[in-house]
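In what follows, a single structure is set out as structure tokens and then discussed.
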Amino acid sequence: MEQTFRSPELRARVGVIEAPSTEKERSAMSPQSRLVAGILLILVPTVEIGGVSILSLLIGDPQYTQNDLRQDLWRAGHAHAGVWLVLSLVALRYVDEATLSEGMRWVVRLALPAAAILMSLGFFLSVLSPEATEPNALINLTYVAGVVLAVGLLVLGVGLVRGRRTERELA
């Protein structure tokens with residue numbers, strides 16, 4: 001038998017979770033953030049395809065399994081791409097809540113996914129040759145990616161610490 005809890009206090013105490021009943025009660029994602037989120041969600045399957053590619057190399061290419069450096073860096077590139085793209089999606093839920101100018105919001109929206117792409121490129125392209133015994137100069141993209149990620153996260157963090165934007169600021 002289903003129980004109903006009519007008072008908001010009782011509902012909160014027993015952990016009843018409800019969807020917001022009005023548009024104003026929902027945390028609104030801006031059209032700009034929604035666009036970036038949509039693009040990122042379309043890109044996430046490319047990370048899955050990359051994982052399948054690495055798996056097929058592990059299973060079917062003995063030359064790939066003989067190069068530990070290449071295996072390690074490609075694994076790192078794949079892992080960073082997936083985790084940092086998910087971090088980018090999470091950050092998009094906060095960027096519109098932060099006290100930031102529109103330009104700084106775009107810095108956050110673009111920096112985090114750009115860092116994911118740069119990091120992966122640095123790992124993948126630095127040992128593209130199956131005979132690579134050390135990474136080439138493209139490994140420096142990983143350092144650039146780290147800086148780009150840090151900038152995006154710091155800007156978002158400062159914007160969130162500064163406080164929530166008011167209705168007047170959102171308009």
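The values are calculated or read from the model by the stated rules, or taken from the named source; none is laboratory data. Since this is a predicted model, take the numbers as computed values, not measurements. Note that each Cβ is placed from the backbone with ideal geometry, even for glycine, and that neighbours are counted across all protein chains shown.
Mind listing whichever residues of the range 110-156 are small (G, A, S) and free of Cβ contacts under 8 Å to residues at least 12 places away in the same chain? Walk me through it before giving the result.
Let us first name the residues in the range 110-156 that are small (G, A, S), namely 111, 114-116, 120, 122, 126, 129, 132, 137, 145-146, 150, 152.
Residues satisfying the conditions are S129, A137, A150.
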* Residues (surrounded by fewer than 17 Cβ atoms within 10 Å (Cβ to Cβ) and not in a helix (DSSP H, G or I)) located in the range 109-129 -> L128, S129
* Asked: Considering A132, A98, A91, which residue is in a helix (DSSP H, G or I) and small (G, A, S)?
  -> A91
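Quick one: would you say S88 is under 16 Å from the mean Cα position of the chain (by Cα), of a type in the set (S, T, N, Q), buried (at least 17 other Cβ atoms within 10 Å of the Cβ) and at pLDDT 95 or above? It would help to see each step written out before you state the result.
Working: under 16 Å from the mean Cα position of the chain (by Cα): yes; of a type in the set (S, T, N, Q): yes; buried (at least 17 other Cβ atoms within 10 Å of the Cβ): yes; at pLDDT 95 or above: yes.
Taking the combined requirement at face value, the residue satisfies it.
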* Is it true that W106 is in contact with a helix residue (DSSP H, G or I) (Cβ under 8 Å, 6 or more places away or on another chain) and buried (at least 17 other Cβ atoms within 10 Å of the Cβ)? -> no
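Would you confirm whether or not the range 134-157 contains a residue that is more than 20 Å from V36 (Cα to Cα), in contact with a helix residue (DSSP H, G or I) (Cβ under 9 Å, 6 or more places away or on another chain) and loosely packed, with under 12 Cβ neighbours inside 10 Å? It would help to see each step written out before you state the result.
Let us first name the residues in the range 134-157 that are more than 20 Å from V36 (Cα to Cα), namely 134-144, 146-147.
So of that shortlist, the ones also in contact with a helix residue (DSSP H, G or I) (Cβ under 9 Å, 6 or more places away or on another chain) come out as 134-136, 138-144, 146-147.
Going one step further and asking which of them are loosely packed, with under 12 Cβ neighbours inside 10 Å, we end up with 134.
Yes - at least one qualifying residue is present in the range 134-157.
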* To do: Sort out which residues of the range 76-85 are surrounded by 17 or more Cβ atoms within 10 Å (Cβ to Cβ) and aliphatic (A, V, I, L, M), and write them in order of number.
  => A81, L85
* Structure fact -> Per the filter on the range 1-57, residues surrounded by fewer than 13 Cβ atoms within 10 Å (Cβ to Cβ), assigned to a helix (DSSP H, G or I) and at pLDDT below 80 are P8, E9, L10, A12, R13, E23, K24, E25
